[in-house]
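Right, one structure below, let's go through it.
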Amino acid sequence: MSRTRTDDDTGPAAYDAAPFVPEDAGLDALRRAAAGCRGCPLYEDATQTVFGQGDADARVLLVGEQPGDQEDRAGEPFVGPAGRLLDRALEEAGIDRDRAYVTNAVKHFKFTVPERGKRRIHKAPTLREAKACRPWLTAELARVRPEVVVALGATAGKALLGGSFRVSRDRGVLLDLPSDPDGPRVLATLHPSAILRADDREAAYAGFLTDLKAAAKALRGAP
Ligand code: URA
């Protein structure tokens, strides 16, 4: 048995971050407002909101799923094992993380605590939680105005491209962002954690790198 307060996806209360998102705010003001977000119950157990970080004028914006255990403690996205793998791949693909903006589809860590254990075990956010958090991502996209958005894994892909998104089918190609067809192009790929878990890590990493190189090529304006 394990516990989590947000297993029930069918409750009557609407989950929605929109009332917490200030209009026309810059990234710093958005980050401060997100610290007080109560748009869904995930804030109750998480240590803090983990808002996006990076270059406010970035040409590339990367979106993960949700902060993990280390990110929840540090208050920064992608600083744990998945982040280290991402850093290595970005460098190999020729994308400078310092000049990118990195965020997550869901801004709070969702986890379960097994009854006898102490470790917090990552639990995937529900579609309802991801939808509730989307106004923060929308605001980040509007402020940063990147040319290319990289969706890391299924949660980010669905948040950006809609519920029918499938990583296996839709990865590695430049797609329009349905909410802003004249805006950035979206390129989806695996989540770095999926590579760490893969049976054939080398092959998974190679595919990830190919996708990130396609994003880097798009940034260089190559056809
Ligand atoms: N996984 C994510 O999706 N995001 C993080 O910030 C860390 C791990």
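So the values come out like this:
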{"read-out": "Flag if D170 is closer than 20 Å to A142 by Cβ and among the charged types (D, E, K, R)", "value": "no"}
{"read-out": "Per-region count, segment 190-205, residues within 18 Å of the chain's Cα centre (by Cα) and not in a helix (DSSP H, G or I)", "value": "2"}
{"read-out": "Residue tally, condition closer than 19 Å to A35 by Cβ, open to solvent by less than 10 Å² (accessible area, probe 1.4 Å) and in a helix (DSSP H, G or I), over segment 55-89", "value": "1"}
{"read-out": "Residue in segment 4-14 that is at pLDDT below 95 and buried (at least 17 other Cβ atoms within 10 Å of the Cβ) present", "value": "yes"}
{"read-out": "Residue ID - nearest to the ligand (Cβ to nearest atom), chosen from residues in segment 35-54 that are open to solvent by less than 20 Å² (accessible area, probe 1.4 Å) and under 15 Å from A14 (Cβ atoms)", "value": "L42"}
{"read-out": "Filter result for V167 (aliphatic (A, V, I, L, M) and within 16 Å of the ligand (Cβ to nearest atom))", "value": "yes"}
{"read-out": "Residues within segment 90-127 that are touching a His at 6+ places or on another chain (Cβ under 9 Å), charged (D, E, K, R) and not in a loop (DSSP other than H, G, I, E, B), tallied", "value": "0"}
{"read-out": "Condition check for T189: under 29 Å from E71 (Cα atoms) and touching a strand residue (DSSP E or B) at 6+ places or on another chain (Cβ under 6 Å)", "value": "yes"}
{"read-out": "Some residue of segment 157-174 being touching a residue at least 60 places away in the same chain (Cβ under 8 Å) and in contact with a Phe, Trp or Tyr (Cβ under 8 Å, 6 or more places away or on another chain)", "value": "no"}
{"read-out": "Condition met for T103 (away from the ligand (no atom under 11 Å from the Cβ), β-branched (V, I, T), in contact (Cβ under 8 Å) with a residue 40 or more places away in the chain and in contact with a helix residue (DSSP H, G or I) (Cβ under 8 Å, 6 or more places away or on another chain))", "value": "no"}
{"read-out": "Sole residue being touching a helix residue (DSSP H, G or I) at 6+ places or on another chain (Cβ under 7 Å) and either within 8 Å of the ligand (Cβ to nearest atom) or at pLDDT 95 or above (or both), chosen from D87, D98", "value": "D87"}
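The values are calculated or read from the model by the stated rules, or taken from the named source; none is laboratory data. The structure presented is a predicted model; accordingly, all values stated were derived computationally and were not measured. Methodologically, a virtual Cβ is constructed for each residue, glycine included, from the backbone with ideal geometry; neighbour enumeration extends over all protein chains shown. Protein only, heavy atoms only, side chains kept; ligands, DNA and RNA dropped before computing areas. Shrake-Rupley method; radii C 1.70, N 1.55, O 1.52, S 1.80 Å.
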